[in-house]
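Below: one structure, written as structure tokens.
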Amino acid sequence: MSCVVLKDISKSFGPKIVFSHFDLTVSEGEFVALVGPSGCGKTTLLNMIGLLEKPGSGDIFISGVKNPRLESNEGRHLLRTQISYMFQNYGLVEHLSVSDNLRIATRFLNLSKKEERQKIAAVLDRVGLAGYEKTKIFQLSGGEQQRIAVAKIMLKPSDLILADEPTGSLDSENRDHIMRLLKHFNQEGKTVIVVTHDPEVEKCAQRSVKL
């Protein structure tokens, strides 16, 4: 079954045509890498799949929902229950603590305070940052911030993981850790779509789409 389907997608920024009659199908449980030179539209494509940008024309299906919009009830439901996004800049609130950032992902789960603390402690342990609950985000290295971004994904019931250059600014140790976590998500049956310039990340994917 298909998780993501793009049909006849066109997208322009002023006179620049980024996509023209573009098609893409990603099956449930697939790990796909979007690759290509800078400026070819990789992040734009990921943003359209993640409901952050709209195509100029064409149709997008996410988990069977046709053309979901961020401002619609269907779109909001998908973002709460189906889609998780790892941003290139980590997507964290720097002046808040690690726990406060992770609570953003748990607010729709109807957890008790005790359950929430236990879940947060468990995901921090899984990403190798046990005991970091009270640490402010700005006090963390880039690699540690990316691990917190992964921990947020672990707290959401997401079937589709979108990652924009998840290893772009990381050292080899943190890169390998993030790659292991992405592969683990995929082994759990989640669909993973990643934008990357990193050949090591591309090797992890089952399929590469060159743009």
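Each reported figure results from applying straightforward, stated rules to the coordinates on display, with no laboratory input. If you're wondering where the values come from, they're calculated on a predicted model, not measured in any experiment. A quick note on method: Cβ atoms are made from the backbone with ideal geometry, for glycine too, and the neighbour counts reach across all protein chains shown.
With a/c under 1.5 counting as rounded, go ahead and sort region 60-127 into rounded, prolate or oblate using the C-alpha gyration tensor (a ≥ b ≥ c being the square roots of the eigenvalues; past the cut-off, prolate if a/b is larger than b/c, else oblate). Judged from the Cα gyration tensor, region 60-127 comes out prolate (a/c at least 1.5, a/b above b/c). Normalised by the number of residues in the chain, the mean separation of alpha-carbon contacts (under 8 Å, six or more apart) gives a relative contact order of 29 percent. Can you tell me how region 117-197 classifies by the Cα gyration tensor, rounded, prolate or oblate, using a/c under 1.5 as the rounded cut? Since a/c reaches 1.5 but b/c is at least a/b, the shape of region 117-197 is classed as oblate.
For LYS136, the shell of other residues with beta-carbons less than 12 Å away shows a net charge of -3, using +1 for Lys and Arg and -1 for Asp and Glu.
Note on ARG69/SER38: beta-carbon distance plugged into 1/(1 + (r/R0)^6) with R0 of 30 Å gives a FRET efficiency of 0.60. For the chain, taking the reciprocal of the average inverse distance between every pair of different Cα atoms yields a Kirkwood hydrodynamic radius of 17.7 Å. Once C-alpha pairs closer than 8 Å and six or more residues apart are averaged by separation and normalised to the residue number of region 93-211, the relative contact order reads 24 percent.
A helix-only calculation puts the chain at -11000 deg cm²/dmol for mean residue ellipticity at 222 nm, using -39500 (n - 2.57) for each DSSP H run of at least four residues, averaged over all residues. Within the shell of other residues whose beta carbon sits under 10 angstrom from the beta carbon of VAL194, the net charge comes to -3, with Lys and Arg scored +1 and Asp and Glu -1. Cross-link partners of LYS134 among lysines, defined as those whose alpha carbon lies under 21 angstrom from its own and excluding same-chain residues fewer than eight positions apart: LYS113, LYS114, LYS119, LYS152, LYS156.
Computed from the C-beta positions of GLN206 and ASP23 and an R0 of 25 Å, the FRET efficiency is 0.85 to the nearest 0.05. With a cut-off of 13 Å between beta carbons, the residues surrounding LEU96 carry a summed charge of +1, where Lys and Arg count +1 and Asp and Glu -1.
The string of couplings for region 157-166 from the Karplus curve (6.51, -1.76, 1.60, θ = phi - 60°) is x, 9, 9, 10, 10, 10, 10, 9, 6, x Hz, one whole number per residue in order, with x for Gly and Pro.
Would you be so kind as to identify all helices of the chain, as entire DSSP H runs, whose Cα atoms reach 27 Å or more along the helix's own axis and whose mean Kyte-Doolittle hydropathy is at least 0.5? The answer is none, since no helix passes both cut-offs. One way to sum up the overall shape of region 90-153 is the equivalent ellipsoid from its Cα gyration tensor, whose semi-axes run 18, 12, 10 Å, largest first.
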